[in-house]
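The block underneath contains the structure these notes are about, expressed in structure tokens.
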Amino acid sequence: HMRFAEGSHGKPRLINSPLPIEFNVSHSGDWQVCAVTRDTPVGVDIEHCERERDVQKLSRRFFSQAEHSAMVQLVDEEQLQRFYDLWTLKEARVKALGKALPPDLGEPAFTLDGPVDGRIMQIEDGEENGTPALQYCLLEPVPQYRLALCCGSSRLMAQQLRLFQCPDDE
């Protein structure tokens, strides 16, 4: 029998778990993700790369000036992809730390070079101002989706990514 509670900004957690399990969930479009770690904060975000969003307006509002400036210099399709790269990284970080959206999306500013192209990229965020050292993975699990994972860890993350397709209810 598992019991759940919410943190001050809605992050779910287990109550009285026999193991120090941390987890986080996200969903977008047809996909749901769950990240599970042992005794280390974790945040995950998946987003469908919707073309209808005004990504320039959103990046101007929520991203650092440097991130916004770098993004708007890209051509349309690359702009869209970079927006979702940055958005998922930022949201995964906020969720790992149990902070609030949107005020905590602005920091830190990420610098990314090149497209994701289905690769896992590891980005390290050094320990500062009481925030634990964080590692990130950013990938395209299926076409037109971005998935970012943020994990507090002093050692290199060992990821296991498994995609399961659930049958449609008929």
Here, strands (runs of 3 or more DSSP E) confined to region 1-96 with at least 1 residues that are free of Cβ contacts under 8 Å to residues at least 60 places away in the same chain and open to solvent by 50 Å² or more (accessible area, probe 1.4 Å) are 3-6, 12-15, 21-28, 31-38
Spot the failing condition for P132; the list is (1) modelled with pLDDT under 60; (2) open to solvent by 40 Å² or more (accessible area, probe 1.4 Å); (3) closer than 25 Å to E22 by Cβ, and only one is missed. (1)
Among (1) modelled with pLDDT under 65; (2) at positive phi, G98 falls short only on (1)
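The values are calculated or read from the model by the stated rules, or taken from the named source; none is laboratory data. Since the model is a prediction, treat every value here as computed from it, not as a measurement. Note that we place each Cβ from the backbone using ideal geometry, even for glycine, and neighbour counts take in every protein chain shown. Accessible surface areas use protein heavy atoms only, side chains included; no ligands, DNA or RNA. Shrake-Rupley method; radii C 1.70, N 1.55, O 1.52, S 1.80 Å.
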